[in-house]
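Working notes, beginning with the structure itself.
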Amino acid sequence: MPDHPDTLSKYTDADTACQILQSQTLRWSAPTLYNDPFELNHKTPLSFDPQTLLQSVIRAACGMIFAREEPRGTAPLTTVIRRWRDEDRFDSPEEAEEVLEELMARMVDQRQSDIDEMMSDWRRYTRSLRICSFSAKADNLTAWQYYADSHRGAVLKFQCGEGTSLKHPKAVQYSPARPEISRLKEQLDVVLYNDKLRSQDSFEDKFLSKQPAAKGEQEWRCIDNVDAEEANKTTDETLWYSDRRFEAEHLRAVYLGAFMSVADKKRMLEFVQTLYPDTKVFQAEAVPGKYEIGFNRLTLKK
């Protein structure tokens, strides 16, 4: 069984819905085009610099030297610290810090080379990244309000999964922990404990997490990367998108907003009748006395 719904719903304003129907394409955008200050992109920096990492490593190593319990593990630094403790090498943290600064500086410099490589990979990855966002269902009031022009727009429901242009949709997780390219603690553990870390393997996960306040959107994302030639063909960030074709039979249904104008409704129905004769069409209606919407099936003339 697939770990995603059979269909996904694209919420949009009426003009964009008409463009999608007419062109038979969906827009996949680089993260910088989401215009969300909390969305990571190619310009996002690390939350620490080399000096911060160095000072954090020195403080942590000094703490290990004077801690009540002996440090565990077989990392080279841990072994050295255990020997220093056995020898009572240092009388005070200040004395230890003088020795540690030179030693840790060399270790952090070595680590910084890997961090620089990671950031280069990050910038390359996010420039080429393309995301297409959906919601799980067509009756999501939050999505209708914020993404479908306050019920004046439409929802286009697409079949997804193997054999479609939306092959591997993934659910967005909602967590109070904001994603970072790499956390300071991760880098500390590499230096102090010789942990294995390849942040590049989790780059995609950074784009599958949002704040809890957005949970009502029930967002799903389809994620892909364009080739290097397309990613680098322009420095104009407003052009970092790909319009990708979908098959007409994969548009399963169209939902017209409860407050869509008569003119927009007429335009959309013309596109559906002409280009998507097998697609079902529904008219959304506000349910009296409730914060809900219902849908009535429309019968279109052949």
Residues in the stretch 154-177: is at least one buried (at least 21 other Cβ atoms within 10 Å of the Cβ), in contact with a Pro (Cβ under 7 Å, 6 or more places away or on another chain) and either touching a residue at least 12 places away in the same chain (Cβ under 8 Å) or part of a loop (DSSP other than H, G, I, E, B) (or both)? yes
Strands (runs of 3 or more DSSP E) contained entirely in the stretch 235-302, each with at least 3 residues that are open to solvent by less than 50 Å² (accessible area, probe 1.4 Å): 251-256, 280-286, 293-298
From Ser113, Ser133, grab the single residue that is within 24 Å of Glu180 (Cβ to Cβ), part of a helix (DSSP H, G or I), open to solvent by 20 Å² or more (accessible area, probe 1.4 Å) and not charged (D, E, K, R). Ser113
I'm checking my understanding of the structure. Among residues of the stretch 14-43 that are out of contact with any helix residue (DSSP H, G or I) (no Cβ under 8 Å at 6 or more places or on another chain) and part of a loop (DSSP other than H, G, I, E, B), which one is surrounded by the most Cβ atoms within 10 Å (Cβ to Cβ)? Asp36
Is it the case that some residue within the stretch 207-219 is surrounded by 17 or more Cβ atoms within 10 Å (Cβ to Cβ), closer than 22 Å to Asp15 by Cα and among the aromatic types (Phe, Trp, Tyr)? no
Applying the selection to the stretch 54-78, what residues are more than 25 Å from Ile115 (Cα to Cα) and at pLDDT 90 or above? Ile65, Phe66
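The values are calculated or read from the model by the stated rules, or taken from the named source; none is laboratory data. Please read all numbers here as calculations on a predicted model, not as lab measurements. Methodologically, a virtual Cβ is constructed for each residue, glycine included, from the backbone with ideal geometry; neighbour enumeration extends over all protein chains shown. Ligands, DNA and RNA are excluded from the accessible area calculation, which covers all protein heavy atoms including side chains. Shrake-Rupley method; radii C 1.70, N 1.55, O 1.52, S 1.80 Å.
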